[in-house]
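No value in this document is a laboratory result; all are computed from the given coordinates. Everything numeric here is computed off the predicted structure, so don't read it as measured data. Every residue, glycine as well, gets a Cβ built from its backbone with ideal geometry; the counts of neighbours run over all protein chains shown.
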Amino acid sequence: MEVVVASSSVDAGIGCWDLHTGAEQLRHKSCSSPPHGLISVGGRFLASSHLSPLSSGGSVLFWSWSKPQVGVRCFPAETIKPLSANHPGTYIAGGGVSGGIYLWEVETGRLLKKWNAHYRAVTCLVFSEDDSLLISGSEDGSVRVWSLFMIFDDLRSQEATHLYEHSFTGHALRVTDVVIGYGCSNAIIVSASEDRTCKVWSLSTGALLRNIVFPAIIDAIVLDPAEHVFYAGSRDGKIFIVALHTESLVTSNDGMHIVGSFSNHSKSVTCLAYGISGNLLISGSEDGMIRVWNARTHNIVRMFKYAKGPVSNICVVRPEIDSTSHILQSSSRKQGSDLPPPLEKYANSVEDSDAKTPIVLCGAKRCAKVSYLSSHAISSHVKELQRHGSAAASELEMEKLKDDYQKSMQMVNQWKKMYENLHQFCVKELLDGGQASVSDENNK
C-alpha cells in the first residue's frame, strides 16, 4: 500500500490517505511542521519538526503508524526545520536555524555529528541515491554537497580548508527546494530559489548546467523518475514542466526549457512528490487541497481535502505496518514501543555508551534485517582511517571513480556504435537514392 502523508505549517496534524483508493487512514494529531519538515524514516515511522505557536522554540516528533498521538518528543539544541533520513532509515539529518546540520543515529538517538554548514538557516536537506552524500540548501542562497566520508573522518576534516565537496552559489535569494537524481557521482542536482530560478548542477564537475527563469517564485520541485523532465510548483498555482534532455546548457534564453504547465490549485503550490508505483504526480497547496495527477495526461486522478490550513509537506510512503511485523527493542526502551528513543540534544563521548541492539524487521511479504551502524563501528572505522592516513578512504574513492569511469566508457562506446550504424544507414540510403535517380534518367 502506498500512502500519501501530508502536514501543515499550522497546528492541523498529519493526514494519511491511500494513494490508489483515496481512503483516509489514521490522522495524527497536533503537528505544525515547516516546509521539508516531514519525513518517513525507513517506512517504519514518521518524524516531523514541530514549531510551537506559543514559543519561539521547536521540537522533533516521532509518530507511530498505529497511534494518532505523538510517540516521542525530542528537543534538539536549537530549532530544527528541514529533516531528511537516509534510505534504510538508520540516520536522521536536521537543519538548524543557525545554519548548522545535525546527524543522529536512529537506533540510539545519539548525536553523531554537528557542523556549521551555512551562514544562515538551513531550508532543505536531501540524501543522495547511495546515501554517501547530503545536499543542503539555505537562506543564504547557497547549495552545498557534503560527503559523509569527509564528515566522519576527523583527520581529513582538520586538514581540509572546507568540509563540503561543492558549494553552489548561483542563487541570489533563499533556496526553497533541492532534489538530486540517480547516477551516484554522475547525478544532477536541481535547486529552486525565491529569485524565480531553478538551476541544474553537475555533481561530478560542480558546473552549472542550466539556468531556468520562471514567471513566479518556485517553492517545490520533483524529478520525473526517468529524469526527462522535472516539475516545478509556483506561487501562482501553476506546475511547470521543464525539459532536461535538450540541447545547450546555460543559454541567453533562460526560459526556453519550460515546455508546458498545468494548474488547478487556487493558491501557491507548496510541495510536490512522485508516486512509488504508477506515473502519478502529487501536489499540495496553500488552498488546503492535495491533488493526484496523471503525469502523462495532466488530468486529476483524485483529490484529498486537508483538515484545515495550507499543506506544507507531502511524501509518499510504503509503511511497515503489517500485523506480523515486529521490532526487537533495546533494553532502554519501553516494552512494546515501536519507536526509537529521543534524539540527543548534545553529542556525548562514544566510549560512554553501551553496545546497541540492531533492529530486525520481518514482514509477511519480505524479511529485511536493517543493520544499524552503531557509533562504536563508525568511531573504529574513523580511527582506522586516521591510522593509515586516510589511505583506505582514498582507495575506496579511487575504486568508485574507476567504476564510474568504466560505466562512462561503456556508455560512450554504445553511443559510438549507434552513431556508426546510423551513419552507415544514412550513407546507404543516399547511395541507393542516387543510383535510383541515375537509373530513371537512363531509362528516359
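Assorted remarks:
- Inter-label distance for Glu227 and Asp18, nm, one decimal - labels placed 7 Å from Cα along Cα-to-Cβ: 3.5 nm
- Segment 3-317 - Rg (one decimal) and Dmax (whole number), Cα, Å: 18.5, 55
- Once the convex hull of all Cα atoms in segment 81-232 is built, its volume per residue stands at 107 Å³.
- With Cα atoms as the point set, the radius of gyration and Dmax of segment 154-202 evaluate to 13.5, 40 Å.
- Here's the picture: a label point sits 7 Å out from the Cα of Met398 along the beta-carbon direction, and within segment 144-182 the residues with their amide nitrogen under 19 Å of it are 149-150, 156.
- With a Förster radius of 56 Å applied to the C-beta separation of Asp432 and Glu129, the computed FRET efficiency comes to 0.75.
- Above-threshold pairs, the threshold being 22 Å between Cα atoms, out of Lys114/Lys402; Lys267/Lys308; Lys308/Lys345; Lys113/Lys345: Lys114/Lys402; Lys308/Lys345
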